[in-house]
Amino acid sequence: MIDDPMTSPGCMQGDDTDKGFATKAVHSGMQDVEGSAATPIFLTSTYKLTDERYKGWADGAQHTLIYSRISSLNSEVVSAKIAALEGAEDAEVFSSGMAAISTTLFTLLSSGDHIVASADCYGGTYGLLTEIMPRMGIEVTMADMRDPASYEEAIQENTKVLYVETMTNPVLKVCDLEAMAEIAERNGAVSVVDNTFASPWGCNPIKMGFDIVLHSGTKYLGGHADLIAGLVAGKKELIADIFFSKIHYGGAADPHMCYLLERGMRTLHTRMPVHASNSAELARRLESHDMVESVRHTSLKSHPDYEVAQRIMPKGSGMLAFVVKGGDEAALRFMRSLDTIFEATSLGGVESLVECPFNSSHMFVPEEVRHEAGVIPGFVRMSVGIEDVEDLWKDIDGALKAANKFLETRA
Ligand SMILES: Cc1ncc(COP(=O)(O)O)c(C=O)c1O
């Protein structure tokens, strides 16, 4: 047996700061039991109380293994790994990305406070900002995350948080995180970024001055479309506050899911380059396709934020968007003519997925807000997987031809 894998504070292993990203992805946080090469699943809801754990409890309970809604051996491993990959002081893991986002924001904001965010963000976050927060007496101002100055202009005396996404969902605008972090610091606001679309392989916002970075672990971190998870990493004292709310809100991550998440995170650095190169190649070919009106990918010079993207997330990600000629009907025909790539509302897995945001991830975002953000008729979002790129292209080209035939027969 290991001496005590459940020590307090925490199971965070050694100092990984001098190690490279790939080594951290494979090793950071990992707990061996009886010399195991992988962390076993520790299926227990509670842990035997010892003097050390009573002390951990008295000290605030974070990273103390007392009860699995607070922390589990497997959640500790994942927290340590995301902290290492993001270069953060500390981290917590949650039952979903939305649990991480809502718990974080409701920790930082109280009735009477103000947050500056952007309307073109993930649909669930948009709902939280526009429906739940106003009911709680929290003021929300929507600015443009492509334009850090618009955030600064929106700041009020009661502004507590500036909220952005590294790359927006679904139109793939890129935020100048360095400028945004500086504005937050200058104005005494906490800077929070959803880094899901870039992953820690693509971008490390903490190193650019951000206070808190969030992830839907469901996406690139898990990487295999087989789990739902959320993570938050950042400054120690902020994470300690968020941890405290987590206990009360209850969005804890179960050990089995954390085991899968750790396994996914161990190969992040091997999957991401393929996601990035496959999506860049498809973007390049789509740009000259007759059935395509426009293409968004951070590797294309035509991307409106090309310069910022090259600075903030130069290695790219697997996210691609394009507008199919002929509007939503043609886009739907395109999607339903695909064979290998299938229509589903998620991203970041090894398999390629496609969706029209208007009837899926952004269904509840008002049409005018979607159009304003750039989700125009025919808009398709694709999460490019790690399959053979020639197979993906054959699939896409064939489905675009089918959409074209549909338009011709309709004319
Ligand atoms: C950018 C982004 N943030 C957060 C979420 C929410 O994550 P989850 O579905 O794990 O709650 C999603 C989900 O699609 C997302 O795309």
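For beta carbons closer than 8 Å, sequence separation of 6+ or different chains, a first residue in the stretch 159-185 that is farther than 14 Å from residue 143 by Cα and of a type outside the set (Lys, Arg) and a second that is within 12 Å of the ligand (Cβ to nearest atom) and in a helix (DSSP H, G or I), the qualifying pairs are 169/123; 170/357. Does residue 226 satisfy the condition of being under 25 Å from residue 62 (Cα atoms), acidic (Asp, Glu) and within 16 Å of the ligand (Cβ to nearest atom)? Criteria not met by residue 226.
A residue that is touching a Lys or Arg at 6+ places or on another chain (Cβ under 7 Å) and away from the ligand (no atom under 11 Å from the Cβ) cannot be found anywhere in the stretch 131-139.
Inside the stretch 51-64, residues that are surrounded by fewer than 16 Cβ atoms within 10 Å (Cβ to Cβ) and either within 13 Å of residue 80 (Cβ to Cβ) or in contact (Cβ under 8 Å) with a residue 24 or more places away in the chain (or both) make up a count of 4. Counting only helices (runs of 4 or more DSSP H) that sit completely within the stretch 257-351, those holding 3 or more residues that are more than 23 Å from the chain's Cα centre (by Cα) and on the phi < 0 side of the Ramachandran plot correspond to 268-286, 327-336.
For beta carbons closer than 8 Å, sequence separation of 6+ or different chains, a first residue in the stretch 283-310 that is closer than 22 Å to residue 395 by Cα and not assigned by TED's automatic domain parsing to the domain that holds residue 326 and a second that is among the aliphatic types (A, V, I, L, M) and buried (at least 19 other Cβ atoms within 10 Å of the Cβ), there are no qualifying pairs. Of all residues in the stretch 35-70, those satisfying the criterion of being of a type in the set (Val, Ile, Thr) and assigned to a loop (DSSP other than H, G, I, E, B) are 39, 41, 44, 50, 64, 66, 70.
The values are calculated or read from the model by the stated rules, or taken from the named source; none is laboratory data. Owing to the predicted nature of the structure, the values given are computational and were not obtained by experimental measurement. Methodologically, a virtual Cβ is constructed for each residue, glycine included, from the backbone with ideal geometry; neighbour enumeration extends over all protein chains shown.
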